[in-house]
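Right, one structure below, let's go through it.
What follows is calculated from the coordinates using simple rules that are stated; it is not laboratory data. Please read all numbers here as calculations on a predicted model, not as lab measurements. Every residue, glycine among them, receives a Cβ derived from its backbone with ideal geometry; neighbour counts consider all protein chains shown.
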Amino acid sequence: MKAIKITLTLLAMVGLMVTSALAGHQDRIEGPVKEPQDITRQCLQCHEDAAKDFMKTSHWNWSLEQEVNGKEVDRG
């Protein structure tokens, strides 16, 4: 169940990233495109570290140190 949620979240995020990326990269995306992952593969050819960088974010790992009531806590 958790894997399904993660997969669906990733697909949604990739779709959003593709939409915003196409605004400046539409001349670099070659089609036909059958699924969002096709575009992601093309993006990663130039932006090789994007996947690794994303997996370090608090959004991906659900971990974020923050101050709550004067104490440092790890939210996640």
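Using R₀ = 22 Å, calculate the FRET efficiency as 1/(1 + (r/R₀)^6) where r is the Cβ-Cβ separation of residue 64 and residue 13; round to 0.05. The formula returns an efficiency of 0.80 here. Helix 2-25 versus the longest principal axis of the chain: what angle, 0 to 90°, nearest 10, using Cα atoms? Once rounded, one gets 60 degrees. The modelled label-to-label distance for the pair residue 51/residue 6, using points 7 Å beyond Cα in the direction of Cβ, is 1.4 nm. Considering only 4, 47, 25, the residue lying farthest towards the positive end of the dipole of the chain is 4, judged by Cα position with unit charges set on Cβ.
If you model the chain as an ellipsoid using its alpha carbon gyration tensor, with each semi-axis the square root of five times an eigenvalue, the axes come out at 31, 15, 10 Å, biggest first. For the chain, the relative contact order is 16 percent, taking Cα pairs closer than 8 Å that sit 6 or more residues apart in sequence and dividing their mean separation by the residue count.
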